[in-house]
1. So, of the residues in segment 160-175 that are farther than 13 Å from Ser222 by Cα and surrounded by fewer than 20 Cβ atoms within 10 Å (Cβ to Cβ), which turns out to be nearest to the chain's Cα centre (by Cα)?
2. Quick one: in segment 63-101, which of the residues that are in contact with a helix residue (DSSP H, G or I) (Cβ under 6 Å, 6 or more places away or on another chain) and over 28 Å from Ser18 (Cβ atoms) is surrounded by the fewest Cβ atoms within 10 Å (Cβ to Cβ)?
3. Restricting segment 18-36 to residues that are over 22 Å from Ala126 (Cα atoms) and buried (at least 18 other Cβ atoms within 10 Å of the Cβ), which is modelled with the lowest pLDDT?
4. Restricting attention to segment 188-209, report how many residues are surrounded by fewer than 17 Cβ atoms within 10 Å (Cβ to Cβ) and either part of a helix (DSSP H, G or I) or modelled with pLDDT under 70 (or both).
5. Just one of (1) over 20 Å from Phe154 (Cα atoms); (2) within 19 Å of the chain's Cα centre (by Cα); (3) at pLDDT below 95 trips up Ile104, so point out which.
6. I'd like the full set of residues that are at pLDDT 95 or above, among the hydrophobic types (A, V, I, L, M, F, W, C) and more than 18 Å from Ala126 (Cβ to Cβ), limited to segment 155-187.
7. Looking only at segment 74-113, which residues are without any contact (Cβ under 8 Å) to a residue 24 or more places away in the chain, among the hydroxyl-bearing types (Ser, Thr, Tyr) and not in a loop (DSSP other than H, G, I, E, B)?
8. Please enumerate the residues belonging to segment 154-176 that are of a type outside the set (Lys, Arg), under 20 Å from Ala105 (Cα atoms) and in a helix (DSSP H, G or I).
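The values are calculated or read from the model by the stated rules, or taken from the named source; none is laboratory data. Predicted model, so just to flag it, every value in this text is computed and none were measured. Cβ coordinates were reconstructed from backbone atoms using ideal geometry, including for glycine residues, and neighbour counts include every protein chain displayed.
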Amino acid sequence: MANILIFGGSRGLGAALSFGVPVRGDAVWIVSRSRPDLDGRDGVQRVWIEADLSARAAGPVVATAVGDTPLDIVIYNAGIWERSAFRDSYDFTEVDDDETERIIAVNLTSAITCIRALLPNLRKSAGAKLIFIGSTSGLDNSSGREVAYAASKFGLRGVTHALRENLRADGIAVTCVNPGNIGTITVERGAVSASPHESRAMIPPQDLIAIVKCVIGLSNASCVKEIDVMAMTDRV
């Protein structure tokens, strides 16, 4: 049995991970602003932690909710982007400072402060795994134009690599998974589905679930630093 905590688990990829990763007997804490699907018919106990990751108090809120429970797996999946992101109409000069600050806070700053708050829980597990969900927008030579989003995801890769060195002595493996274009994901009563990935233009969520489960299933002697996952038609 494993104790798993997933940030940003109420919708999209986070919701898919909350049902695709755990197995019967596991316990999952889901951190989000909106209430997630807590269906437990699969034998998994799911607990909602209501928190706004743009707020400085998010880390203490999450840590208090978890208490002294050891955490075997933490997945930081939170990610927001500019309102006009990924459109031809995107214009960097029209993104106001409040929006930029919120993107950086949720995608990057909170990743640092929340994981710091949860380190005592991770250290109680024998060989914990810490997985950050980044983006191909944060890779070198990315063709993305979204400035705040790209900066936050590029920074998240830096957090991953630095934390790995900080936590090496604790035996905590730290990995960053950078997916490309993912279709719109829905989770209903535990069933995961996505919009059609015609012409191999979108990554099926089941592929990302399989990758995360592979990382989790590795022995404590191994650590995957980073995995870049593109749809076949993505250009990075």
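1. Per the criteria, the residue is His161.
2. Phe92
3. Pro36
4. 12
5. Status for Ile104: all satisfied but (1).
6. Within segment 155-187, Leu156, Val159, Ala162, Leu163, Cys176, Val177 meet the criteria.
7. Thr93, Thr109
8. Passing the criteria: Phe154, Gly155, Leu156, Gly158, Val159, Thr160, His161, Ala162, Leu163.
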